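**Q** One structure is given below, represented as C-alpha cells, and several questions about it will come after.
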Amino acid sequence: MFKQKKTWYIIAAVLVVAVSAFVVISLTQSDNQEDEITPLQTATVRQGDIIVSASGAGTLIPAAEVEISFRSGGLLTSIEVSVGEVVEKGQLLAQLDDTSERIQYEQAERNLLELTSPAAMAEAKQAVAQAQDELDDTRNLLKYYISPLVVYWEEKVEEAQAALATAQTEDQNSSTDETQKAVEDAERLLSTAERSLGSAWYKYEETYLAATFTVEECERQGRKMVCEEYISAPSQATIDDARFGYEVAKLEIVEAEYLLEALTTGEIPEGATGDGIATLEQARLNFQTAQNSLEDTRLYAPFDGTIMAINGQEGEMVGSSAVITIADLSQALLQIYLDETDFDKIDLDYEVEVIFDIYPDDVFIGHVTQVDPQLVTVEGVNAVSALVVLDASPAFQTKKLLIGANASVEVIAGRAEGVLLVPVEALREVPPDKYAVFVMEEGEPQLRMVEVGLIDITYAEITSGLELGDVVSTGIVETE
C-alpha cells in the first residue's frame, strides 16, 4: 500500500511539473512573439453562493386515480355523489337494480341457516351417537368371528405401522440421533405387535374356533337319538364382510364428528370429508356467491378521494365500462421531465423548485420521490421522467391547484452558500479527478493543487487549497 501511495505522489509531482512547464513555455513564447502577445487574465477568489440544478417541465397529477365500473351491466337506479364531491373510503357511490340478486341472496342465506340451526346441531350429535353404536356393533361382530385377541393385536399392528411411517418421515426431513432412535423404537414395537398377532391367530385356530363354533347335530336312528359335534367355522367371505362393515363404520363416525365440529366451531376441519361436509361447503359457497352478486350491484369508494367524473345517468342501462372516476388529491404530485443530459442531476429526495403557469409569482417547494429507470419520449425527444411531491407550505395551503396544471421546475442537485468561488476557466484538471490552479505570486503563476466541491457552468467551489482574495490565472479567457 505504501509503495502504491509513493508511486501516486511521484506521478502527481511529474504532472504538476509538466503542466507548470507547459504554462511557462507558453507564456515565454508569447513574450517572444511581440506581434501575438495575449495578456494573461486573472480573477480573484471570492465568497458567494453556488447552485447546481437542472430545468424541466411538469404537470400536476393525482396521487392515485381509479375508474370504477360494475362487474356486469344492469339498470342504474341511483347515483349517490356528484363531480367534485369529496368522499370517504367505503362510501356508496352508485347502485344497480338488485331485485333478482336480493332474492338469490335471501334463499342462500335461509338454506345456510337451516343447515347450521340448533335442530341441525342436534341431528349431528345424534348422527355421531348412532355412528358410535354402529362402530361398536361391527367391531363386536368382527371380534366374534376372529376372536377379541386377534382384533386387539390387528389394531396394535396398525397403530405401530402408522407410528413407524411418521418416524421415518421425520427422520427423512431431519436426520438426527433422536429421529433415528424414534425409528428404531417404532420398528421394535411393530415387530412385537406382529409376533403377538401371530400368536393370537395360533390360539384362534387351536382353541377359539372349537370353543366358539362347535355345533351339535342330532338325528333319530330308530329309537335312539344320535348326536354328532363339529366345528362350523366362519367362512373367509363372512370374515371379510365383517371387516368391511367395521371399516365403513370407522369412516362414518369420523365424518359424523367432522360435521359436528364444523357446526360447533363454525370452521370446517382441514381434510374433512362426508356428505354432510360437502352439503355445508356448497351452501356456504352459494351464500358467498349470492352475497358477492348483491355487492356487485353497488359501487363503493376504494379510498378517500374526490369524484372526478361520472359517466351515466339514473334510469339508464350501463355495461362494464367505467361509471365513476375517483382520484386522491390529498397530495400535490408532479410528473416532471428533464432533458436526458441532466440525468446525473436528479435523484431521490432532491429538492425541487416549482412555478405553476397559473401562479407565476409563487415558488412551491417539493422533493423527488421517484425516478423512472428508463427514458421516456416526450414530443419526440428522450427525457428523464420523475415524480415530485410538493411540501405542505402556506402557498400550497392557500392556492387552489387543478389537476393538469403545467409548471416549470428546477431540480436542485447541489447548493452551497458562503463558499470560496473561482471561475471554471481557472481550473486545470490533473487526471484522475484532481484539480489545480495557477496562483499569481509576485506577478508569476504558481501551480497549486486544490479540492473542488460543486461546479456549475460559471464557477467552481473550492473547499481547500485557496484563501479568500487569492488571485488565480484564467489563462487568456477574461472573466467578470
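**Q** Using amide H atoms built 1.01 Å from N in the peptide plane, name the residues 5+ places from Leu93, or on other chains, whose amide H lies under 5 Å from its own.
**A** Here the answer is Leu299, Tyr300, Ala301, since their amide H atoms fall under 5 Å of that of Leu93.
**Q** Bins of 5 Å, beginning at zero and ending with the bin holding the largest distance: percent of Cα pairs per bin for region 117-265, please.
**A** 2, 9, 11, 11, 12, 12, 12, 11, 8, 5, 3, 2, 1, 1, 1, 0, 0
**Q** Right, next: Please give the length that would be gained between Asn311 and Leu468 if that part of the chain were fully extended, namely 0.36 nm times their separation in residues minus their C-alpha to C-alpha distance (nm, one decimal).
**A** Numbers: separation 157, 0.36 × 157 = 56.52 nm, distance 6.76 nm.
The Asn311-Leu468 span can extend by a further 49.8 nm.
**Q** Between region 132-152 and region 415-458, how many Å separate their Cα centres?
**A** Between the Cα centres of region 132-152 and region 415-458 lies a distance of 103 Å.
**Q** When the Karplus curve 6.51 cos²θ - 1.76 cosθ + 1.60 is applied with θ = phi - 60°, which whole-Hz ³J(HN,Hα) does each residue of region 249-263 get, with x for Gly and Pro?
**A** 5, 5, 5, 5, 6, 5, 5, 5, 5, 4, 5, 5, 5, 4, 6
**Q** Continuing with the same structure: Cut-off is 10 Å between beta-carbons; in what order do Glu67, Glu255 appear when sorted fewest neighbours first? Walk me through the numbers before you get to the answer.
**A** On the way: Glu67 13, Glu255 19.
Ordered by Cβ neighbours within 10 Å, fewest first: Glu67, Glu255.
**Q** Something else: With Cβ to Cβ distances under 11 Å as the rule, what net charge do the other residues near Gln47 carry (K, R +1; D, E -1)?
**A** Numbers: positive: Arg46; negative: Asp49, Glu417, Glu461, Glu467.
Cβ neighbours under 11 Å give a net charge of -3.
**Q** Further question: Taking the Cα-to-Cβ direction at Lys250 and at Asp433 and moving 7 Å from each Cα, how far apart do the two end points lie in nm?
**A** Output for this residue pair reads 7.6 nm.
**Q** Please turn the phi angles of region 85-90 into ³J(HN,Hα) values with the Karplus equation 6.51 cos²θ - 1.76 cosθ + 1.60 (θ = phi - 60°), one per residue in order, whole Hz, x for glycine and proline.
**A** Along region 85-90, the couplings run 6, 8, 10, 9, 4, x Hz.
**Q** Between rounded, prolate and oblate, where does region 361-435 land on the alpha carbon gyration tensor, with a ≥ b ≥ c its root eigenvalues, rounded for a/c under 1.5, else prolate if a/b exceeds b/c?
**A** Details: a/c = 2.88, a/b = 1.56, b/c = 1.85.
The shape class here is oblate.
**Q** Can you list the aspartates and glutamates whose alpha carbon sits under 19 Å from that of Lys399, skipping same-chain ones fewer than 8 residues off?
**A** Reachable aspartates and glutamates: Glu85, Asp328, Glu353, Asp357, Asp361, Asp362, Asp391.
**Q** Report the gain in length on full extension from His367 to Leu402: 0.36 nm times residue separation, minus Cα-Cα distance, nm rounded to one decimal. Walk me through the numbers on the way to the answer.
**A** Numbers: separation 35, 0.36 × 35 = 12.60 nm, distance 1.94 nm.
Taking His367 through Leu402 to full extension adds about 10.7 nm, to one decimal.
**Q** Oh, and also: Give, as a single signed number, the net charge of other residues whose beta carbon lies under 14 Å from the beta carbon of Ala242, with Lys and Arg counted +1 and Asp and Glu -1.
**A** On the way: positive: Arg139, Lys143, Arg243, Lys250; negative: Glu134, Asp136, Asp137, Glu154, Asp240, Asp241, Glu247.
Charge balance near Ala242 sits at -3.
**Q** In region 37-98, which trypsin sites (Lys or Arg not before Pro) fall in coil by DSSP and have 14 or fewer other Cβ atoms within 10 Å? Display every interim value, and only then the final one.
**A** Values: sites: Arg46, Arg71, Lys89; in loops: Arg71, Lys89.
Sparse-neighbourhood loop trypsin sites (Lys or Arg not before Pro): Arg71, Lys89.
**Q** Kindly identify region 174-332 as rounded, prolate or oblate by the Cα gyration tensor criterion: order the square roots of the eigenvalues as a ≥ b ≥ c, call it rounded if a/c is under 1.5, otherwise compare a/b with b/c, prolate if a/b is larger, else oblate.
**A** Values: a/c = 7.34, a/b = 2.53, b/c = 2.90.
Taking the square roots of the gyration eigenvalues as a ≥ b ≥ c, region 174-332 is oblate.
**Q** Can you count the Lys pairs in region 117-265 with C-alpha separation below 18 Å, eight or more apart or on different chains? Each step should come with its number before you reach the end.
**A** Details: Lys125/Lys250; Lys143/Lys156; Lys143/Lys203; Lys143/Lys250; Lys156/Lys203; Lys156/Lys250.
Number of lysine pairs found: 6.
**Q** Something else now. State log₁₀ I(q)/I(0) for region 266-359 at q = 0.14, 0.17, 0.21 Å⁻¹ as given by the Debye formula over alpha-carbon point scatterers of equal weight, solvent excluded.
**A** -0.84, -0.96, -1.14
**Q** Among Phe287, Phe438, what is the fewest-to-most ranking by other Cβ atoms within 10 Å? Show your work: numbers first, answer last.
**A** Working: Phe287 19, Phe438 22.
Listing Phe287, Phe438 from fewest to most nearby Cβ atoms yields Phe287, Phe438.
**Q** Counting only C-alpha contacts under 8 Å and six or more residues apart, can you give the relative contact order of region 117-265 as a whole percent? Please list the in-between numbers first.
**A** Working: 111 pairs, mean separation 54.6, N = 149.
Reported relative contact order: 37 percent.
**Q** Follow-up question, since we're still on this one. Which option, (i) 70; (ii) 41; (iii) 28, is the value of percent of Cα pairs over 35 Å apart that was calculated from these coordinates?
**A** Recomputing percent of Cα pairs over 35 Å apart here picks out (i).
**Q** Right, here's the next one. If neighbour count is taken as other Cβ atoms inside 10 Å, put Arg243, Arg102 in order from fewest to most. Provide the component values of the computation, followed by the final result.
**A** Values: Arg243 17, Arg102 14.
Exposure proxy ranking, most exposed first: Arg102, Arg243.
**Q** Turning to a different aspect of this structure: With the Cα gyration tensor of region 120-179 giving a ≥ b ≥ c as the square roots of its eigenvalues, does the rule (a/c under 1.5 for rounded; else a/b larger than b/c for prolate; else oblate) give rounded, prolate or oblate?
**A** Values: a/c = 6.11, a/b = 1.59, b/c = 3.84.
Oblate.
**Q** So what is the relative contact order for the chain, in percent, with contacts set as C-alpha pairs under 8 Å and at least six apart? Write down the numbers at each step before the final one.
**A** Details: 779 pairs, mean separation 141.9, N = 480.
Computed value for the chain: 30 percent relative contact order.
**Q** Also, I was wondering about something else. What ³J(HN,Hα) values, in whole Hz, does the Karplus curve 6.51 cos²θ - 1.76 cosθ + 1.60 give for region 47-53 when θ = phi - 60°, with x put for Gly and Pro?
**A** Working through the residues one at a time gives 10, x, 10, 9, 10, 9, 8 Hz.
**Q** Distance between the C-alpha centers of region 239-311 and region 51-101? Whole Å please.
**A** One Cα centre to the other: 34 Å.
Laboratory data are not the source of any read-out in this text; all were calculated from the coordinates shown. Only a predicted model underlies this, so the values are computations on that prediction, with no experimental measurement involved. Every residue, glycine among them, receives a Cβ derived from its backbone with ideal geometry; neighbour counts consider all protein chains shown.
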